[in-house]
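Comments concern the structure below.
The values are calculated or read from the model by the stated rules, or taken from the named source; none is laboratory data. Quick caveat, the model's predicted, so the values are computed rather than measured. Note that each Cβ is placed from the backbone with ideal geometry, even for glycine, and that neighbours are counted across all protein chains shown.
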Amino acid sequence: MHKKETIGTVISNKMDKTITVAVKTKVAHKKYSKIIAKTNKYYAHDANNECRIGDQVKIEESKPISKNKRWILKGKIV
């Protein structure tokens, strides 16, 4: 089974073993065809508390870990 992977920026690491990742995408408006920047926030599991704010990370979809956490940290992007 292929799991979704995406790349984003860490915007918060205040929780224990959890990071908040902002993923920015560009989509075209249906009616006006203007390119719009869209941001989604995801909670990801960071088992070793290794990420800092501003890091570029790759996250992978997983089964639910807690109420809001459905992503796992795959690694940092240098």
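The condition of being surrounded by 10 or more Cβ atoms within 10 Å (Cβ to Cβ), in a strand (DSSP E or B), touching a residue at least 12 places away in the same chain (Cβ under 8 Å) and not acidic (Asp, Glu) holds for only one of Ile59, Ile65, Ile53, that being Ile59.
Determine, yes or no, whether Thr39 is free of Cβ contacts under 8 Å to residues at least 40 places away in the same chain, out of contact with any Pro (no Cβ under 6 Å at 6 or more places or on another chain), β-branched (Val, Ile, Thr) and part of a strand (DSSP E or B). When the stated conditions are applied, Thr39 passes them. You will find that of Asp16, Asp46, the residue that is modelled with pLDDT of 95 or more, out of contact with any strand residue (DSSP E or B) (no Cβ under 7 Å at 6 or more places or on another chain) and among the acidic types (Asp, Glu) is Asp16 and no other. Just so you know, in the stretch 25-50 the residues that are under 26 Å from Met1 (Cα atoms) and surrounded by 10 or more Cβ atoms within 10 Å (Cβ to Cβ) include one that is nearest to the chain's Cα centre (by Cα), and it is Tyr42.
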